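S.K.: Provided herewith is a single structure, encoded as structure tokens, for subsequent inquiry.
The values are calculated or read from the model by the stated rules, or taken from the named source; none is laboratory data. Computed from a predicted model, the values in this text were never measured in an experiment. Methodologically, a virtual Cβ is constructed for each residue, glycine included, from the backbone with ideal geometry; neighbour enumeration extends over all protein chains shown. Surface accessibility is based on the protein's heavy atoms, side chains included, excluding ligands, DNA and RNA. Shrake-Rupley method; radii C 1.70, N 1.55, O 1.52, S 1.80 Å.
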Amino acid sequence: MSLRKILKFPDPTLLNVSGPVQNIDGGIDALVQDMVETMYAAPGIGLAAPQVGEGQRIIVLDIDGENPGKRLLKLINPVIAEREGKIVWEEGCLSVYDFNAEVTRAKRVLVKAWTPDQKEIEVEGEDLLAVALQHEIDHLDGKLFIDRISRLKRDLYRRRIKRHLREGGSLEEEKSDRPHI
Ligand SMILES: [Zn+2]
């Protein structure tokens, strides 16, 4: 197992739409384990394969900070089958340096997916789990949470990051007390 580098906005790789995993066999196990390790180390509560530069529809999530691993989800080719209600959540992202913003999403979702050991599963999520599932599946479609805020706020953020990079700033070190997805 190894830690992977997490790509950060404005890396254009994050905008690519990921393709479905064609064969769920041992071939993806190493990647899934790397993603789990990278997510916990970040630390984050979710990670999608394109965030580590792999264009495959794979996400990992663990929103239970008290008992890491107990509710760990590894989902292959996840699809949102049902959405219900609305919730506004302040989101942060491992691929979006030093920025949080409120995003409106469905309050409850039902996701159908496969596990790495080739079982079909359904995951029902509410509140934070619903937010995290939608956030991660957005990554598979090349979308970041900043694509779901106002254009004004997004442009201000983009300008701030460009200035930060121009001035020789890094996107690596960040202190945040909010869970990143
Ligand atoms: Zn994210």
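S.K.: Can you name every residue in the stretch 64-101 that is closer than 30 Å to His164 by Cβ, away from the ligand (no atom under 13 Å from the Cβ) and not charged (D, E, K, R)?
M.R.: Correct list: Gly65, Val88.
S.K.: Okay, next question. Yes or no: Ala49 closer than 30 Å to Leu156 by Cα and surrounded by 12 or more Cβ atoms within 10 Å (Cβ to Cβ)?
M.R.: Yes.
S.K.: Say we look at the stretch 17-28 and pick out the residues that are assigned to a loop (DSSP other than H, G, I, E, B) and of a type in the set (A, V, I, L, M, F, W, C); which of these is least open to solvent (accessible area, probe 1.4 Å)?
M.R.: The selected residue is Val21.
S.K.: Could you list, in sequence order, the residues of the stretch 134-169 that are within 30 Å of Pro68 (Cβ to Cβ), touching a Phe, Trp or Tyr at 6+ places or on another chain (Cβ under 9 Å) and not hydrophobic (A, V, I, L, M, F, W, C)?
M.R.: His135, Asp138
Here is a yes/no grid of residues against (1) under 15 Å from Asp127 (Cβ atoms); (2) open to solvent by less than 20 Å² (accessible area, probe 1.4 Å):
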{"position": "Pro43", "(1), (2)": "no, no"}
{"position": "Leu61", "(1), (2)": "yes, yes"}
{"position": "Leu73", "(1), (2)": "no, no"}
{"position": "Gly85", "(1), (2)": "yes, no"}
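S.K.: Which residue, of Ile87, Ile137, is out of contact with any Leu (no Cβ under 7 Å at 6 or more places or on another chain), aliphatic (A, V, I, L, M) and closer than 25 Å to Gly55 by Cα? I'd like the intermediate steps shown before the answer.
M.R.: Numbers: Ile87 fails: closer than 25 Å to Gly55 by Cα.
Just a single option satisfies the conditions, and that option is Ile137.
S.K.: Could you pull out the residue among Leu14, Leu31 that is surrounded by fewer than 19 Cβ atoms within 10 Å (Cβ to Cβ) and in a helix (DSSP H, G or I)?
M.R.: Within the list Leu14, Leu31, the selection yields Leu31.
S.K.: Shifting gears a bit: Please count how many residues of the stretch 125-168 are surrounded by 14 or more Cβ atoms within 10 Å (Cβ to Cβ) and not in a helix (DSSP H, G or I).
M.R.: 7
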